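One structure is given here, and the rest of the page talks about it.
What follows draws every value from the coordinates through simple rules; no lab data is involved. These numbers come from a predicted model, not from an experiment. When we count neighbours, we look across all protein chains shown, and the Cβ atoms used for this are built from the backbone with ideal geometry, even at glycine.
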Amino acid sequence: MKITQRISSFPEADLDRIVEMAWEDRTPFEAIQAQFGLSEQQVIELMRAELKPSSWRRWRIRVQGRTTKHAALSAVDNARFKSNQQRAITQNKLPKR
């Protein structure tokens, strides 16, 4: 399936979340794949399609060589701060109330 077809199958909120996760330094591509089923190459293609050309170039420069974007290369295991009062959130989706 081409990425343009795959992009159109995602709701707008999911596309926004994928772009947000791709911009985050400590969110590896593996997390995006686990949640949305997109490989690293597909995320790159999605970002190219969704971002302005200048934003795309800035993102590519930022991501290339960044070890935290690849779980296997990252030395950071569980560096996220989590408050004791934070509810458990699974796969970045809030539980139904």
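Looking only at segment 60-69, residues that are among the aliphatic types (A, V, I, L, M) and without any contact (Cβ under 8 Å) to a residue 24 or more places away in the chain come to 1 in all. Considering only segment 26-42, state which residues are closer than 15 Å to Trp56 by Cα and exposed (fewer than 15 other Cβ atoms within 10 Å of the Cβ). Answer for segment 26-42, where residues must be closer than 15 Å to Trp56 by Cα and exposed (fewer than 15 other Cβ atoms within 10 Å of the Cβ): just Gln41. Residues of segment 46-58 that are surrounded by fewer than 17 Cβ atoms within 10 Å (Cβ to Cβ) and either among the hydrophobic types (A, V, I, L, M, F, W, C) or touching a helix residue (DSSP H, G or I) at 6+ places or on another chain (Cβ under 8 Å) (or both): Arg48, Ala49, Glu50, Trp56.
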